[in-house]
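The values are calculated or read from the model by the stated rules, or taken from the named source; none is laboratory data. Because the structure is a prediction, the values reported are computed rather than measured. So basically every Cβ, Gly included, is an ideal-geometry build from the backbone, and we count neighbours across all protein chains shown.
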Amino acid sequence: MPSQPTQPTGPTADSVPQRLLAFLDGLGAELDRRGDAVALLGLGSVGRDLHRLDEHSDADFFVVVDDQAARDRYLADIDWLEAAQPVVWSFENSDAGRKALLQDGLFAEYAVFSLAELETAGYPPGRLHWSRADAPAGLEIPRVPVPQPPSLEHQVGEAITNLYVGLHRELRGERLTATRFIQGYAVDRWLTVLGHLRLGRGAQQDVFVVDRGAERRFDPDLLPLADLVPGYEGNAHAAATLLRLLEAHVDLDPTVVAAVHDLIARAETERPSPGR
């Protein structure tokens, strides 16, 4: 039976939020017509976080079907998706689903599960947008808990070693990989450290993607992104910024701190040419 989703506040009938919800309504009707589908679960901003729906949102959803045979049909042929909204381009992004650009500029990412598979799948709680009359109750709630991030000690260790390894890559002239270590991996770990320390506003927006909504969640003094992510030429500055933040908020081993300080000083003065 179709659910009545809470409508986002304010958008006009032709806005992206309204068109996304209308697409899900149409998809639910098509699944109901086919008979071998059990439920349609909305995730993310079309799930329990409808308040986040805006002009840049997309449709993340699960289709739950009776059995493995039905799952294989839904994965092999996207006629069910095109019946709800014409597809202009898509590709298989996992063994369970696809990403698709829909007509009129909407974007969708989905996975298809059998009822048995959903019993052992780990996913964030969703919203039941449509379900068949005989669907089991509670499909939108995972039976398997979502994996929790590693401990604070682990995250701090990863952050400081990301800086250490990244600075060595910088000094070797491998600046692209250095940038990823210092301005990517280490910053992700810092975001998780901030979460462990409960220094942000609210919970992590996406349990699988730590940087979603970080700008709204953390004040600039905790997350000075212009200094943490200054770009390809700024690895030494980024490393010095993050090391200062780590020193101010967590306990660090003085030996590794001294080693990273030394590498930062070298990176600031030696400036090897890329590819050396």
* To do: Could you give me the residue pairs with C-beta distances under 8 Å whose first residue belongs to the stretch 152-168 and is on the phi < 0 side of the Ramachandran plot, whose second residue is among the basic types (Lys, Arg) wherever it lies, and which are 6+ apart or on separate chains?
  => Gln155/Arg189; Val156/Arg189; Glu158/Arg189; Ala159/Arg189; Asn162/Arg189; Gly166/Arg180; Leu167/Arg266
* Matching entry among Arg132, Arg98 (being modelled with pLDDT of 95 or more, among the basic types (Lys, Arg) and under 29 Å from Gly184 (Cβ atoms)) -> Arg98
* For the stretch 166-176, what are the residues that are in contact with a Phe, Trp or Tyr (Cβ under 8 Å, 6 or more places away or on another chain) and surrounded by fewer than 17 Cβ atoms within 10 Å (Cβ to Cβ)? -> Leu176
* Would you mind stating whether Val88 is surrounded by fewer than 16 Cβ atoms within 10 Å (Cβ to Cβ) and within 30 Å of Asp251 (Cα to Cα)? => no
* Output yes when any residue across the stretch 139-155 is buried (at least 18 other Cβ atoms within 10 Å of the Cβ), closer than 30 Å to Leu242 by Cβ and at pLDDT below 95, and no when none is. => yes
* Structure fact -> Of the residues in the stretch 216-236, those that are surrounded by fewer than 19 Cβ atoms within 10 Å (Cβ to Cβ) and not in a loop (DSSP other than H, G, I, E, B) come to Arg216, Leu225, Ala226, Asp227
* Structure fact -> Per the list (1) of a type in the set (Gly, Ala, Ser); (2) touching a residue at least 12 places away in the same chain (Cβ under 8 Å); (3) out of contact with any Phe, Trp or Tyr (no Cβ under 6 Å at 6 or more places or on another chain); (4) farther than 30 Å from Gly35 by Cβ, residue check on Gly200 breaks on (3)
* Structure fact -> The correct count of residues that are assigned to a strand (DSSP E or B) and hydroxyl-bearing (Ser, Thr, Tyr) in the stretch 85-129 is 4
